[in-house]
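The structure appears right after this line, and notes come after that.
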Amino acid sequence: MTHTPDSAESAPVSFRGEVTVELVKHSAADSDVLWAARVSTAGEQSLEELQKDPERSKGLINFLMRDRHGSPFEHNSMTFFISAPIFVFREFMRHRVGWSYNEESGRYRQLEPVFYVPGASRKLVQQGRPGKYEFVEGTPAQHELTSRAMEDSYRQAYAAYQEMLAAGVAREVARAVLPVGLYSSMYATCNARSLMHFLGLRTQHEQAKVPSFPQREIEMVGEQMEAHWARLMPLTYAAFNANGRIAP
Ligand SMILES: Cc1cc2nc3c(=O)[nH]c(=O)nc-3n(C[C@H](O)[C@H](O)[C@H](O)COP(=O)(O)OP(=O)(O)OC[C@H]3O[C@@H](n4cnc5c(N)ncnc54)[C@H](O)[C@@H]3O)c2cc1C
């Protein structure tokens with residue numbers, strides 16, 4: 001959902017309810033895992049040799065995943081361009097190992113007025129206790145209130161930001177009034193092992209042996225990364241699911 005308020009008096013603010021993830025660069029295939037693992041027993045092998053027995057390849061990848069031999073899953077790389085609210089990036093950047101990040105700057109450029117408002121399918125009401133939350137549908141009135149409160153607040157915050165910029169206040173100072181619902185963008189580069197660790201924590205899945213309770217918005221990012229990765233490394237992806245979605 002993307003819409004821009006049509007009132008001429010409104011600040012030129014737009015609202016989104018989704019996140020986007022683009023796979024911009026990759027060097028990632030199941031054969032990278034086989035190549036790294038087989039050096040243990042067979043030395044260097046050609047791609048042809050690696051791929052000549054698919055059943056054996058599948059078995060080896062499954063064995064590595066099951067017994068948590070993790071390092072062969074590190075010899076690959078995926079770079080994603082992610083557009084999501086700042087509160088998602090705050091959570092995302094807690095993932096320190098096997099990740100590289102570069103995010104747009106609020107010091108060197110004026111931040112665009114694009115803000116997060118939950119879409120109609122976002123469950124709004126939290127029930128349960130910490131560590132065991134469940135989210136249920138909001139009522140139409142709760143959705144209406146959430147959209148209205150957020151949009152009013154975003155417009156006011158962005159107007160204050162613009163007023164300060166117009167008065168000559170530095171971008172790095174003026175940005176303090178902008179809320180964490182503001183969209184940002186970043187490149188995030190990882191490998192299959194670090195992505196699996198991320199997905200184990202930031203997605204919910206019926207095959208997960210250890211349940212996690214991620215915030216829906218970072219899960220939306222995770223789901224899109226997962227779909228890209230599944231296409232690149234189908235055997236590794238299948239083994240991850242078959243072994244309870246625990247990173248090796
Ligand atoms: C549902 C959920 C709720 C959360 N709630 C909160 C919260 O309320 N407050 C909060 O602050 N954070 C919270 N977090 C963030 C969480 O604590 C982790 O920081 C985040 O999930 C990254 O996990 P990680 O440290 O395993 O990943 P990475 O930083 O990528 O590390 C990967 C692995 O490397 C090893 N490692 C990394 N650094 C060290 C180290 N310094 N010492 C020893 N081993 C290390 C560990 O084995 C770790 O699992 C939450 C995360 C989730 C998924």
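Each reported figure results from applying straightforward, stated rules to the coordinates on display, with no laboratory input. Nothing here was measured: the structure is a model prediction, and the numbers come from that model. As a convention, Cβ positions derive from the backbone with ideal geometry for all residues, glycine included, and neighbour counts pool all protein chains shown.
Remarks
- Sequence-ordered 3J(HN,Hα) estimates for segment 82-90 from the Karplus curve with 6.51, -1.76 and 1.60 and θ = phi - 60° stand at 10, 10, 7, x, 4, 5, 5, 5, 4 Hz, glycine and proline given as x.
- Comparing mean-square fluctuations of Ser194, Ser121, Ser185 from a GNM of the chain with C-alpha springs under 10 Å, the top value falls on Ser121.
- Degrees between helix 30-42 axis and first principal axis of the chain (Cα, 0 to 90, nearest 10): 40
- Sequentially through segment 173-180, phi angles give Karplus couplings (6.51, -1.76, 1.60; θ = phi - 60°) of 8, 4, 5, 4, 7, 7, x, 6 Hz, Gly and Pro residues having no value and appearing as x.
- Taking amide H as placed 1.01 Å from N in the peptide plane, Arg16 has its amide H under 5 Å from the amide H of Phe115, Tyr116, Val117, each at least 5 places away in sequence or on another chain.
- Think of each Lys and Arg Cβ as +1 and each Asp and Glu Cβ as -1; about the Cα centre, that makes the dipole of segment 72-191 roughly 260 debye.
- Max mean-square fluctuation residue, GNM over the chain, Cα-Cα springs under 10 Å, options Met93, Met186, Met78: Met93
- Alpha carbon Rg of segment 116-248, scaled by the compact-globule rule 2.2 N^0.38 Å: 1.37
- Equivalent-ellipsoid semi-axes of segment 117-160, from the Cα gyration tensor, Å, largest first: 25, 13, 7
- Net charge of neighbours whose Cβ lies under 15 Å from the Cβ of Ala149, counting Lys and Arg as +1 and Asp and Glu as -1: 0
- In the chain, helical runs assigned H by DSSP with n ≥ 4 each contribute -39500 (n - 2.57); averaged across all residues and rounded to the nearest 500, the mean residue ellipticity at 222 nm is -13000 deg cm²/dmol.
- Selection from Leu64, His75, Leu34, by position along the positive dipole direction of segment 1-143 (Cβ): Leu64
- Whole-number D in µm²/s for the chain (Stokes-Einstein; Kirkwood sum over Cα pairs; 25 °C, 0.890 mPa s): 120
- Cα-based helix-to-principal-axis angle, 192-202 vs the chain, degrees rounded to 10: 50
- Build a GNM of the chain with springs between Cα atoms under 10 Å apart, and of Lys132, Lys58, Lys209 the one that fluctuates most is Lys132.
- Considering only segment 1-157, percent of DSSP beta bridges that pair antiparallel, nearest 5: 80
- Taking the Kirkwood radius as Rh and the Cα radius of gyration as Rg, segment 181-248 has a ratio of Rg/Rh equal to 0.97.
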